[in-house]
Structures are given as structure tokens and as C-alpha cells.
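Just so you know, all these numbers are worked out from the coordinates, no wet-lab data involved. Just so you know, these numbers come straight off a predicted model, no measurement behind them. A quick note on method: Cβ atoms are made from the backbone with ideal geometry, for glycine too, and the neighbour counts reach across all protein chains shown.
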Amino acid sequence: MIERNHFAAERIDSVPTGSDASAFKPGDPAIARAALKLPRDKTLVGIVATLRSWKGHRYLIEAAAQLPESIGLVIVGDGPQREALEALVDKHSMRARVRFAGDQRDVVPWLQALDIFALPSYANEGVPQALVQAMLVGLPCVTTNAGSIAELATHESTALVVPPQDANALRDSLLRLIKDPFLRKTLADAARRHCSQHLSYETMLDRMEAIYRQVSGKRG
């Protein structure tokens, strides 16, 4: 809007879509894993995203392939890259520790079953709802600064942020979280607080109402 349509920056407000903090909340991983038939004896890293190239699933699989066998990978979502991603999993002989869950109407239990959430997108992102939801569930996250992800993810404050399209950096950050339960809890707690305060439905509606009042000249 600024670069192409030449609107003045001071006339533009960005209000990210809010999420329901009462629905997306921490749960009992053991209960979630039992219901979803996920392994209880593995550290589970997961992603919730349409299987499109720019979501970075390929880099997540490449990163997970370099992690110990005790690390499982859960991929929730479907899309045009599924066949290629399944082939990549088979190439690395990872089928036994990767779950392709497909599209899920309710992703809350899938998030609650995870230990770590990853979203290694490299393009076409605004403020990703899946990342907001994972943070509200209380998951430590590894992501990039694609699009407006920086509104959520501050490196070593609310997430670990890695360069896009870098499987090795992604692997290193995942391994760091796997080995450091204190860091996992610190990031998860900070992320949930941030999203609850700034990206809830209530915050979104309050900000939109304030904008409408401003442009209409009404107060109160």
C-alpha cells in the first residue's frame, strides 16, 4: 500500500487476526497423544500448515533427519507438496518416526501433543495463525522472520528465529530446545503471554473499533 499505491504510512494500521486464547490453551500431552495414537516415548516436533513449498516443510524434514531417532515429527495439513514430502521422508528412511496427519478440523489436541512447534516459512506470510495458536497452547517455537512473523517471534524472547531455507540452522535450534527444558519453558511462557495480550480476539476487536471510531470522528 505504501510502495505501490503511495499511501502515507501514518494513514495505515495493521491489525493481525486474533485467536481464541480460551480455546488454544495448554493441555496434557499424555492425554492428547493417547487420543491421537502418537508415541509417548518420543520428543515430538510438529508443524501445522498447508503443504506448500514456502511453508518450509522440506527444511524441517531435512533438519529432523539429522536429529536422534528419539525425535518424532508430526506434520498436520495437506496440500500439493504432500507426495514430494513423503518421498523425502522415505529417502531419509524416516517413515517410522514421521506422522502425516492430513487436514484436521480441530488442531488443538495435535498442538497439545507436541513438545516443540516449528514453522520454517520463507515467503508469503502475514502473521501466521498456526504460529499464534501454537504459542497460545504454550509451545516453544522455532521459526523465521518471513513476512510479519517478527510481530510474534523475537529471537530468544518469544521464540528461536533462524534464517529461512537453512536446514542446519533449524536443526541446531531444535536440538538446543530438545536439550534445554528451561529454555523451552521460558520461551513458551513468554510467547503465550505475548499472544494473549496482543493477538487475542478481544485485542483485535478493540483495535478495529478504535480505528473505526478514529475515521468516523466519534469518541468514547
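For region 1-107, the list of GluC sites (Glu not before Pro) that fall in a loop by DSSP and count at most 16 other C-beta atoms within 10 angstrom reads Glu3, Glu69. Counting only Cβ charges, +1 for Lys and Arg and -1 for Asp and Glu, the dipole size of region 102-204 around its Cα centre is about 260 debye. Each Lys and Arg contributes +1 and each Asp and Glu -1, all at the Cβ; summed about the Cα centre of region 36-93, the dipole is approximately 160 debye. Which shape class applies to region 139-201: rounded if a/c is under 1.5, otherwise prolate when a/b exceeds b/c and oblate if not, where a ≥ b ≥ c are the square roots of the Cα gyration tensor eigenvalues? It comes out oblate by the Cα gyration axes. Beta bridges from DSSP with both residues in the chain: antiparallel share about 5 percent, rounded to the nearest 5. When you filter the trypsin sites (Lys or Arg not before Pro) in region 29-88 for DSSP loop state and at most 11 other Cβ atoms inside 10 Å of their Cβ, you are left with Lys37, Arg40. In the structure shown, do any of Lys55/Lys179; Lys37/Lys91; Lys42/Lys185; Lys91/Lys179 have a Cα-Cα gap over 22 Å, and if so which? Violating the 22 Å Cα-Cα cut-off are Lys55/Lys179; Lys37/Lys91; Lys91/Lys179.
One decimal place: the segment Val15-His92 gains 23.6 nm when fully extended, by the rule 0.36 nm per residue minus the C-alpha distance.
Each Lys and Arg Cβ is given +1 and each Asp and Glu Cβ -1; about its Cα centre, region 18-214 then shows a dipole of about 380 debye.
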